[in-house]
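These notes concern the structure reproduced below.
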Amino acid sequence: LPLEQQIHAVGSTWLDRALVVSGSPQPVAQRFGAQVQAAMSRRVDFLVEEGLAERRGQRVVLARNLLTTLTDRELSVVGRRLQQETGRTWRPVRDGETISGVYRQSIQVVSGRFAMLDDGMGFSLVPWRPVIGLQLGKQLCAVSKGGAVNWEVGAHCGKSR
């Protein structure tokens, strides 16, 4: 995503990940580095407006779990939109939950790539991993734990739990 589009994006961006690592925009005076620094500063302004960061003098204090919060906000918007388009109920994924369904499609959003798992009545958006790349149209199960996802393939996935 171009820097300019990352500034006001709802989801978790490269700029956010860089801010989490560095803690604040770092002084870089030349070329692309200067563009990144300016974009990071504007992104911090956006995060402050959203209540997800505070400026304290030269320091920037980011909200706890910033990346997760941004991803959840984006998935909420995308999930509601897909719910309107498909007529199926969007079900947010909760930590520790087992999600099962037919892998219908992958969706690329600002925060990353997600798999749509359709259980026949509703759907969930689960972080996509290469292991499911060739499983389109198949029954899958995913277990979400601490931000990581473990995938199982097959009609009986998750039954042993």
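The values are calculated or read from the model by the stated rules, or taken from the named source; none is laboratory data. This one's a predicted model, so the numbers in the text were calculated from it and none came from an experiment. Positions of Cβ are generated from backbone atoms using ideal geometry, with glycine treated the same way; all protein chains shown enter the neighbour counts. Please note that ligands, DNA and RNA were not included when accessible areas were found on the heavy atoms of the full protein model with its side chains. Shrake-Rupley method; radii C 1.70, N 1.55, O 1.52, S 1.80 Å.
Would you be able to say whether some residue in the stretch 36-46 is over 14 Å from Val10 (Cβ atoms), hydroxyl-bearing (Ser, Thr, Tyr), open to solvent by less than 70 Å² (accessible area, probe 1.4 Å) and modelled with pLDDT of 90 or more?
Looking through the stretch 36-46, at least one residue is over 14 Å from Val10 (Cβ atoms), hydroxyl-bearing (Ser, Thr, Tyr), open to solvent by less than 70 Å² (accessible area, probe 1.4 Å) and modelled with pLDDT of 90 or more.
Give me the pairs, please: first residue somewhere in the stretch 121-142 and more than 25 Å from Ser76 (Cβ to Cβ), second residue anywhere and surrounded by fewer than 18 Cβ atoms within 10 Å (Cβ to Cβ) and among the aliphatic types (A, V, I, L, M), beta-carbon distance under 6 Å, and either six or more positions apart or on two chains.
Partner pairs satisfying both residue conditions: Gln135/Val153; Gln139/Val102; Gln139/Ala155.
Take the residues in the stretch 1-24 that are open to solvent by 30 Å² or more (accessible area, probe 1.4 Å), within 16 Å of Ala53 (Cβ to Cβ) and assigned to a loop (DSSP other than H, G, I, E, B); name whichever of them is modelled with the highest pLDDT.
Among those that are open to solvent by 30 Å² or more (accessible area, probe 1.4 Å), within 16 Å of Ala53 (Cβ to Cβ) and assigned to a loop (DSSP other than H, G, I, E, B), it is His8.
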